[in-house]
Amino acid sequence: FPSHDISGVENWDLDATKVILSALRINPIRKQLQEDIDYALHHEVTFLHMRLTDYIDEYEIGLLSVKYFEKVLEELNLNTNEAEIWIFSDDYELARKLLVLPNNMKARFFSEKQYSVSETFHLMRCGSRYILSNSTFGWWAAFLGKKENVQVIAPEPWFKQLRYDPSIYLAGWKKCKA
């Protein structure tokens, strides 16, 4: 797994990473999942995680606005015919309705029914860049990612009203106003 500058994460044991990955191992890996993993590992694919359902009624956590995601996409300047984005959400139909992507952007929405949670997590570890929601699911996928030198964009503040540890933003991760 890639090396990380985790200077902001207090008391992190790198051996814990191996334990976590070992516990999450999928065996056997379904053919379609393996094909998606291989594709992502060999191409420049932006992974966007859009957490929706359980945050809708959680005012203190705060459901991120569509403007946050659109702003990040605009800042990344991915408006080329080669740009590819995979969107992961706990409600992909709502994500598809809410998220307006440039017409020339190659997009793929992943249904929460397409893969199990652990399969989705394994796939999400294969991104070239990450646009995170204020969710630890996407955070862990980016942190335990399989590629070196990935770009990670995370919302700031992480939560709308709840306190959070600012070390959640790792060195090199970009914060974007949410």
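For the chain, give the magnitude of the charge dipole about the Cα centre (Cβ charges: +1 Lys/Arg, -1 Asp/Glu; no others), in debye to the nearest 20.
On the way: 21 positive and 25 negative charges, 48 e Å.
Here the size comes out at about 240 debye.
So if a site counts as exposed when it's one of the GluC sites (Glu not before Pro), its DSSP state isn't H, G, I, E or B, and it has at most 14 other Cβ atoms within 10 Å, what's the longest stretch of the chain without one? Walk me through the intermediate numbers first.
Values: sites that count: Glu10, Glu44, Glu58, Glu60, Glu82, Glu148.
Free of exposed loop sites, the longest segment is 83-147.
Excluding Lys160 itself, what net charge comes from residues whose Cβ is under 12 Å from its Cβ, given Lys and Arg +1 and Asp and Glu -1?
Numbers: positive: Arg163; negative: Glu58, Glu60, Glu156.
Charge balance near Lys160 sits at -2.
Given Cα pairs under 8 Å that are at least 6 residues apart, what percent is the relative contact order of the chain?
30
To the nearest 20 debye, what charge dipole does segment 60-133 have about its Cα centre, counting +1 at the Cβ of each Lys and Arg and -1 at the Cβ of each Asp and Glu?
Numbers: 9 positive and 11 negative charges, 30 e Å.
So the dipole magnitude of segment 60-133 works out to roughly 140 debye.
Roughly what would the spin-label model give for Lys31 and Val100, points 7 Å off Cα along C-beta, in nm?
Label-label distance for Lys31 and Val100, simple model: 4.1 nm.
What figure, in Å² to the nearest 10, do you get for the accessible area of Ser118 with a 1.4 Å probe and non-protein molecules left out?
Answer for Ser118: close to 50 Å² accessible.
Averaging over all projection directions, find the projected area of the Cα convex hull of the chain and quote it in nm² with one decimal place.
Details: hull surface 40.6 nm².
Result: 10.2 nm².
To one decimal place, what orientation-averaged projected area in nm² is obtained for the convex hull of the Cα set of segment 55-150? Before the final figure, lay out each step's value.
Working: hull surface 26.4 nm².
In nm², the orientation-averaged hull projection of segment 55-150 is 6.6.
Figure the gain on full extension for Glu60 and Val19 (residue separation times 0.36 nm, minus the Cα-Cα span) and round it to one decimal in nm. Don't skip to the answer; put the middle values down first.
Values: separation 41, 0.36 × 41 = 14.76 nm, distance 3.21 nm.
So the chain would gain 11.5 nm between Glu60 and Val19.
I need the fraction of alpha carbon pairs in segment 96-178 separated by more than 16 Å, rounded to a whole percent. Working shown, then result.
Values: 2016 of 3403 pairs.
Pairs farther apart than 16 Å: 59 percent.
Which FRET efficiency value, to the nearest 0.05, do you get for Lys147 and Glu112 by plugging their Cβ-Cβ distance into 1/(1 + (r/R0)^6) with R0 = 30 Å?
On the way: r = 24 Å, r/R0 = 0.80.
Between Lys147 and Glu112 the formula returns 0.80.
Farthest toward the dipole's positive end in the chain, which of Ser65, His42, Phe137, given Cβ charges of +1 (Lys, Arg) and -1 (Asp, Glu) about the Cα centre?
Of Ser65, His42, Phe137, it is His42.
The values are calculated or read from the model by the stated rules, or taken from the named source; none is laboratory data. The structure displayed is predicted, hence computed values, not measured ones. Here the Cβ is made from the backbone with ideal geometry for all residues, glycine too, and neighbour counts use every protein chain on show. Protein only, heavy atoms only, side chains kept; ligands, DNA and RNA dropped before computing areas. Shrake-Rupley method; radii C 1.70, N 1.55, O 1.52, S 1.80 Å.
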